[in-house]
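The values are calculated or read from the model by the stated rules, or taken from the named source; none is laboratory data. All of these numbers come straight from a predicted model, not from anything done at the bench. Every residue, glycine among them, receives a Cβ derived from its backbone with ideal geometry; neighbour counts consider all protein chains shown. Keep in mind that these areas ignore ligands, DNA and RNA; they rest on the heavy atoms of the full protein, side chains included. Shrake-Rupley method; radii C 1.70, N 1.55, O 1.52, S 1.80 Å.
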Amino acid sequence: MIRPLVSLIFVAFAATAAVTEPVCRAAPIADDTTESWSYTDCGRPTDPIQLESIAVSPDPPKAGEDLTVTVRALVTEAVEEGAYAEVIVKLGRVKLLTTTFDICEEARYDVSCPMRKGPHIVVHTVALPNDIPRAKFTVDINAYTVDDDDLMCLKLEADFMKKPFF
């Protein structure tokens, strides 16, 4: 139930620092919203990973179908082995999952560490299950360097109660 949502969020996070084809830096985006999902870059302008955009296709996501996530970001400082993320998945105010993972280890197929400075774009597809519960989820992601300095912050919301998901 929660695993696919966490996978989606992990992809969004891991992709922000992946080594892929360079892109031009777009104007910073603080929020992006559709009727059924949204994200907020809650990081600071000095964070080493600056999120530029997250796009999903299809939009809105549909249960039982593949979801392609495209993330654009600017990495301003090399990210070393040992960087980690803390992820909290909530249903309303209830915490369903709290986990910490090593960014380089979990993203080894999309990221090589140290992650180089510069603009990045990653496109990743995940399969969404048919049995996503009709609920509104919030996912908070806080990432840190190996020295425990802020790396990035991202808040995602997905409202699976709305009709377009089903």
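At a probe size of 1.4 Å, how large is the accessible area of Val146, to the nearest 10 Å²?
80 Å²
Go through Glu52, Glu86 and list them by solvent-accessible area, largest first, probe radius 1.4 Å.
Values: Glu52 0, Glu86 75 Å².
Solvent-accessible surface, decreasing: Glu86, Glu52.
In whole percent, and with a 1.4 Å probe on the protein chains, what portion of the accessible area of region 40-166 is carbon and sulfur? Please report the intermediate quantities before stating the final value.
Details: 3090 of 6410 Å².
Carbon with sulfur: 48 percent of the solvent-accessible area.
For region 39-163, what is the accessible area per residue in Å², given a 1.4 Å probe and the full set of protein chains?
Averaged over the residues of region 39-163, the accessible area is 50 Å².
If ligands, DNA and RNA are left out, what is the accessible area of Val94 with a 1.4 Å probe, given in Å² to the nearest 10?
90 Å²
Rank these by accessible area, largest first, 1.4 Å probe: Met115, Met161. The partial results should precede the final answer.
Details: Met115 0, Met161 110 Å².
Ranking Met115, Met161 by accessible area, largest first, yields Met161, Met115.
Exactly which trypsin sites (Lys or Arg not before Pro) in region 82-136 are in a DSSP loop and have at most 15 other Cβ atoms within 10 Å? Present the calculation step by step, with values, prior to reporting the outcome.
Working: sites: Lys90, Arg93, Lys95, Arg108, Arg116, Lys117, Arg134, Lys136; in loops: Arg93, Arg108, Arg116, Lys117, Arg134.
Taking region 82-136 and a limit of 15 other Cβ atoms within 10 Å, the loop trypsin sites (Lys or Arg not before Pro) found are Arg93, Arg108, Arg116, Lys117, Arg134.
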